[in-house]
Amino acid sequence: MSCPRLGLSLLLLAALAWTEDEHGSEDSSHSKKKGPGHGHWSYADKDEWQLEFPFCSGQKQSPINIDTNSTIFSHELQPIVLAGYSLDPSEQLSLMNNGHTVVLQLPGSLTIASGYPQEYRAMQLHLHWGSPEGPGSEHTVDGRRYDGEIHMVYYNPSCGSIKEAMKQPGGLAVLAAFLQVGPEDNMHYQPLLEQLHKVQEEGKETTVAGFNIEGLLPANLGRYYRYSGSLTTPPCYQTVNWTVFNWTVLLSKKQISLLETTLQGDDDTDLQNNFRLTQRLHGRKVLASFQASLSPRKVPLPDGGVAPMTPAPDSATERSMDKVPGTGAGCPPCADSEKQLGFALQTADVLAGLFGALFAVTALAFLIYIHRQRSQNRRPDSHPKPNIIYTAATTDENTV
């Protein structure tokens, strides 16, 4: 895919503002004015983003609610394959609190080698979360919001630069995964989370030693949803090929709490609920790399309940999920398991009915046979035959 250069100064300025903000290099002094008309935005005024950033009112905005009943299975969606993600500890990565999230810079050597029609190179990753009162993922599935969400942001190198890529359809790609409370610490996230206290204030920056970045994503990269959307923050460019994985990543309750309570945002307030509400599809299609009827089983909650597939409750006490052994991932964030269970129960009911009917017919036939035999034995001209073994008569040709 080619990316011709565009000489639109307004787009360049907005792109530069987004790049600096998302990459953590923006001047985030507290004296800077916030809100529409001041070149800076916050989640508190997200309903007014379009006043300063017109693309935020477009018809291909993100995030969205993924209605699993409306997704379309596509054979063309191949498993995501990543390359170069196991970084040497000697490589230092920049970690910054930009006032909206915590951003980890990624080297361009990290690529998406397969799963898209073209190669994408890494730019950065950041997180979205809620608060102790409720979950904070950006995307939702069948109306359910998860505890948090990780975004790995990439650009198409054929565009020549990041600023050009973000203006072209498909110029950007984001790998997204839901974060969910699990029974134990996720060691893959420790290198990132243990540094949060060093970037507590907006604008603070530190370094993180290289580690296996791929470990931050689900173990299964073959099951996902794909749709065309936008950046979820201003300037909301509608140029993103989204991949939302079907399996969640489990973190301990303590790790989720670190995200929710450690950082500070605008005006020294707690950086919480840094997610945008879901946007309308406006006719867009959401593809799935898997058949919904073949989804994994429902994973029970530790208290014996079942993970709800309705909008998540506001209480953080209802957010724990069982762990899938050996994967480091939680149950699929979709209602596919609900469908599978319902289908299995319906099948069982049908089979039970068929076997019941067959048994009834067999029993009836047997009873009719017994009745006929008894009726025949009770006839007046019917005499019980002696228990005799008959042999053929012998014929002697010499006998007269």
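Worth pointing out:
- Considering residues of region 132-147 that are among the small types (Gly, Ala, Ser) and closer than 10 Å to Phe275 by Cα only, the residue surrounded by the most Cβ atoms within 10 Å (Cβ to Cβ): Ser137
- Candidates Gln180, Gln124, Gln190, Gln195: the one that is under 21 Å from the mean Cα position of the chain (by Cα), at pLDDT 95 or above and over 30 Å from Ile72 (Cβ atoms) is Gln124.
- Val244 fulfils the conditions (1) crowded, with 22+ Cβ neighbours inside 10 Å; (2) in contact with a helix residue (DSSP H, G or I) (Cβ under 6 Å, 6 or more places away or on another chain) except for a single criterion, (2).
- On inspection, Asp268 passes the criterion of being within 24 Å of Val103 (Cβ to Cβ), modelled with pLDDT under 95, assigned by TED's automatic domain parsing to the domain that holds Gly130 and not polar (S, T, N, Q).
- For first residues located in region 102-122 and assigned to a loop (DSSP other than H, G, I, E, B), partners that are acidic (Asp, Glu) and lie 6+ apart or on another chain with Cβ distances below 8 Å form the pairs Pro107/Glu91.
- Gly170 vs. criteria in contact with a strand residue (DSSP E or B) (Cβ under 8 Å, 6 or more places away or on another chain), surrounded by fewer than 23 Cβ atoms within 10 Å (Cβ to Cβ) and on the phi > 0 side of the Ramachandran plot: yes
- Any chance Gln92 is over 25 Å from Tyr225 (Cα atoms), in the same structural domain as Ser42 (by TED's automatic domain parsing), out of contact with any Leu (no Cβ under 7 Å at 6 or more places or on another chain) and at pLDDT 95 or above: yes
- Of the strands (runs of 3 or more DSSP E) contained entirely in region 214-287, those carrying at least 2 residues that are over 15 Å from Phe178 (Cβ atoms) fall at 224-229, 240-245.
- Boolean, Arg145 is of a type in the set (Lys, Arg), within 21 Å of the chain's Cα centre (by Cα) and in the same structural domain as Pro63 (by TED's automatic domain parsing): yes
The values are calculated or read from the model by the stated rules, or taken from the named source; none is laboratory data. These numbers come from a predicted model, not from an experiment. Positions of Cβ are backbone-derived with ideal geometry, glycine not excepted, and every protein chain shown enters the neighbour counts.
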